[in-house]
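First the structure, in the form of structure tokens, and then the observations on it.
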Amino acid sequence: MFGAILGDIIGSPYEFDTYNIKTKEFPLFSKYSTITDDSVMTLAVALGLMSAPEGADDNTLRRCIVEAMHDIGNRYPNAGYGGRFRIWLFRRLTEPYYSYGNGSAMRVSSAAWLFNDIDSVRRAARLSADVTHNHPEGIKGAESTAAAIFMARAGSSKAEIKAYIEENFGYDLSRTCDEIRPTYRHKESCQETVPEAITAFLEGESFEDVIRTAVSLGGDCDTLTCIAGSIAEGFYGVPEDLKEECRSRLPRDLRAILEEFCKRRGD
């Protein structure tokens with residue numbers, strides 16, 4: 001999950017169209033680099049998945065995810081949640097609201113690491129989306145992101161990942177980042193964020209280069225870079241100095257979730 005959290009932190013100063021920089025040349029960290037709802041919910045979903053009993057059925061897994069999202073989210077009320085999600089979170093609702101926002105894709109990365117076959121990964125991703133983002137596009141965004149991460153960590157090539165995503169999810173990955181960048185603006189839907197994030201991963205030449213490429217596209221770039229970074233971690237790994245920077249920028253309770261996740265993974 002380091003890739004997702006680092007993508008969020010590094011992208012956070014450049015999130016809105018006013019601050020989009022449209023270049024790969026920028027300082028990775030500044031005094032404005034901070035976690036947002038992307039990191040909070042990424043860690044909440046991880047906690048939910050880890051707290052579920054082994055072999056949990058769909059309803060149990062959903063319940064564990066919802067409880068963790070409510071618990072962790074309400075500790076961080078000012079993290080920058082979207083309007084309908086805020087209502088769901090702070091009223092502790094349990095029914096989804098048919099969203100296709102990119103929140104389902106930005107929080108899903110742990111599913112790709114806690115399960116060891118693509119069908120189980122896609123199931124966990126689908127359920128993590130379904131608790132709020134039960135629109136087909138919301139579910140597709142989460143499943144495709146998790147599938148890409150899993151394939152990356154399992155040793156698939158970029159060409160194989162691209163082909164799988166296009167065949168199974170129907171995203172158009174034919175555009176280059178140079179074609180996307182000039183006119184790309186703030187978008188909060190899965191269908192207008194996930195393909196761009198995957199494209200940034202496909203073009204990047206290292207973990208850091210993927211991060212810089214994603215930020216340079218602009219738009220909702222903390223979320224876009226969160227998604228791209230989560231896939232890049234599976235493919236390239238994350239340098240130790242960036243892992244330490246990530247840990248240092250997390251509050252103690254969120255850092256504890258990350259450390260428990262690493263322990264589960266044997267990292």
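No value in this document is a laboratory result; all are computed from the given coordinates. None of these values were measured; they are calculated from a predicted model. Using ideal geometry, Cβ is built from the backbone for each residue, glycine included, and neighbour counts are taken over all protein chains shown.
Report the Stokes-Einstein translational diffusion coefficient (µm² s⁻¹, integer) for the stretch 1-150, Rh taken as the Kirkwood radius over Cα pairs, at 4 °C with viscosity 1.567 mPa s.
Numbers: Rh = 15.6 Å.
This corresponds to a translational diffusion coefficient of 83 µm²/s.
Where nothing but the Cβ of Lys and Arg (+1) and of Asp and Glu (-1) is charged, how large is the charge dipole of the chain around its Cα centre, in debye to the nearest 20?
Numbers: 31 positive and 41 negative charges, 136 e Å.
About 660 debye.
Can you order the peptides 177-186, 221-230 by their average number of other Cβ atoms within 10 Å per residue, highest first? Write down the numbers at each step before the final one.
Working: 177-186: 14.1, 221-230: 33.0.
The packing order, highest mean first, is 221-230, 177-186.
Would you mind listing how long the chain runs along its three principal axes, going by Cα atoms, in whole Å with the largest first?
Rounded to whole Å, the extents work out to 44, 40, 36 Å.
Based on the alpha-carbon set only, what is the convex hull volume of the stretch 42-98 divided per residue, in Å³?
Details: hull volume 4.5 nm³, N = 57.
Roughly 80 Å³ of hull volume per residue.
Report the calculated FRET efficiency for Arg185 and Glu95 (r = Cβ-Cβ distance, R0 = 35 Å), to the nearest 0.05.
On the way: r = 32 Å, r/R0 = 0.90.
Taking R0 as 35 Å, the efficiency between Arg185 and Glu95 is 0.65.
Using packing as a proxy for protection, rank 256-263, 33-40, 127-134 so that the peptide with the highest average count of other Cβ atoms within 10 Å comes first. Spell out each step's value before the answer.
Working: 256-263: 16.2, 33-40: 23.2, 127-134: 25.2.
Output ranking for 256-263, 33-40, 127-134: 127-134, 33-40, 256-263.
Would you list the P(r) distribution for the stretch 158-222, with all Cα-Cα distances sorted into 5 Å bins from 0 and each bin expressed as a whole %?
4, 18, 31, 26, 17, 5
Set the bar at 25 Å for Cα to Cα. Now go through Lys243/Lys263; Lys140/Lys243; Lys24/Lys243; Lys31/Lys243; Lys24/Lys158 and name every pair that lies beyond it.
Numbers: Lys243/Lys263 15 Å; Lys140/Lys243 29 Å; Lys24/Lys243 21 Å; Lys31/Lys243 18 Å; Lys24/Lys158 21 Å.
Violating the 25 Å Cα-Cα cut-off are Lys140/Lys243.
Could you work out which residue, out of Lys22, Lys31, Lys140, moves most in a Gaussian network model of the chain, that is, has the largest mean-square fluctuation with Cα springs under 10 Å?
Lys31
Would you mind calculating the gained length between Glu259 and Asp71 on full extension (0.36 nm times residue separation, minus the Cα-Cα distance), in nm to one decimal? Spell out each step's value before the answer.
On the way: separation 188, 0.36 × 188 = 67.68 nm, distance 1.81 nm.
Extending this stretch completely gives an extra 65.9 nm.
Whole Å is fine, so just give me how far the alpha carbon centre of the stretch 185-228 lies from that of the stretch 77-99.
Using only Cα atoms to place each centre, the spacing works out to 24 Å.
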